[in-house]
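See structure below.
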Amino acid sequence: MATPVQTPFEAKTQEVFTALLWALSRPGEVQAIPAGDDAFALIGETLLDLESSFYTPDETLRERLLLTGAPHVPATEAEYLFFSVWNDDAREAIRQARRGDALYPDRAATLVLPAGFSGQVWVWRGPGINGEAHMSVTLPDDLAELREEAVQYPLGWDAFLVGECRVMGLPRTTQIEVTPLQPVHRQPVPIQPVHRQEEK
């Protein structure tokens, strides 16, 4: 029996999907995604299908993600919200994002947000982290406050932090706080490889 051969697009989305899985299961670790394309579009094309919904204020990104067959809906209804730019519109939409409910906490939204992997140092704690992790991450302004308002486990949204060809997961189970002392110079955050199976 012939082995199915992946198209280049299928191979790329499979690589992104693997990175996203590791990002949420290992919070505080940076995962690599394929370079040479818009990272938000790649993540959207990986996550969306006919049975999911999304919201984004970015018109160019919206047109591309509509090709997945997923409908574009108001922020209050969307399963996935994409914000390639952080502004007042993004803040307001996030305040309206689905948080799930007591019976169905899994109906909460997933946010895809811009971030940088340098600058302010945050302490990360929670499932998937051995003790605590100290990570240099530039989060969008007010995101920590918005998250504190929204997340009351098991309710609240999960997020992917995206910068260039890198992504980091921020599930609702993770606690983050800024460290009191900030170093002046830090080495770049290491990128975790997507393929983790050892070669035989």
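Nothing in this text is a laboratory measurement; each read-out follows from the coordinates by a stated rule. It should be emphasised that the depicted structure is a prediction, and the values quoted were computed from it without experimental measurement. All Cβ positions, glycine included, derive from the backbone under ideal geometry; neighbour counts span all protein chains shown.
Observations on the model:
- Each residue of segment 166-173 was assigned a 3J(HN,Hα) from its phi angle through the Karplus curve 6.51 cos²θ - 1.76 cosθ + 1.60 (θ = phi - 60°); the sequence is 9, 9, 9, x, 9, x, 5, 7 Hz, with glycine and proline shown as x.
- Range of Cα positions in segment 8-181 per principal axis (Å), largest first: 45, 36, 30
- Using a simple spin-label model with pseudo-atoms 7 Å out from Cα toward Cβ, Asp88 and His134 lie 3.9 nm apart.
- When each full DSSP H helix of the chain is screened for a Cα extent of at least 20 Å along its own axis and an average Kyte-Doolittle hydropathy of at least -1.0, the helices passing are 8-25.
- Within segment 29-66, backbone nitrogen closer than 13 Å to the virtual label 7 Å beyond the Cα of Thr18 toward Cβ: 32-34
- With 0.36 nm allotted per residue and the present C-alpha distance subtracted, the Thr3-Arg95 stretch has 28.4 nm of extension available.
- Placing +1 on each Lys and Arg Cβ and -1 on each Asp and Glu Cβ, with no other charges, gives the chain a dipole about its Cα centre of roughly 540 debye.
- Cα-based convex hull, segment 1-105, per residue volume (Å³, whole number): 164
- Proximity of backbone amide H atoms, modeled 1.01 Å from N, is registered between Leu155 and no other residue at under 5 Å, excluding neighbours fewer than 5 places apart on the same chain.
- Ala108 long-range amide H proximity, modeled H, under 5 Å: Gly100
- Label zone of Gln152 (point 7 Å out along Cα→Cβ, amide N under 14 Å): in segment 93-122 this covers 99-103.
- Residues with amide H under 5 Å from that of Phe117, placed H, sequence gap 5 or more: Thr138
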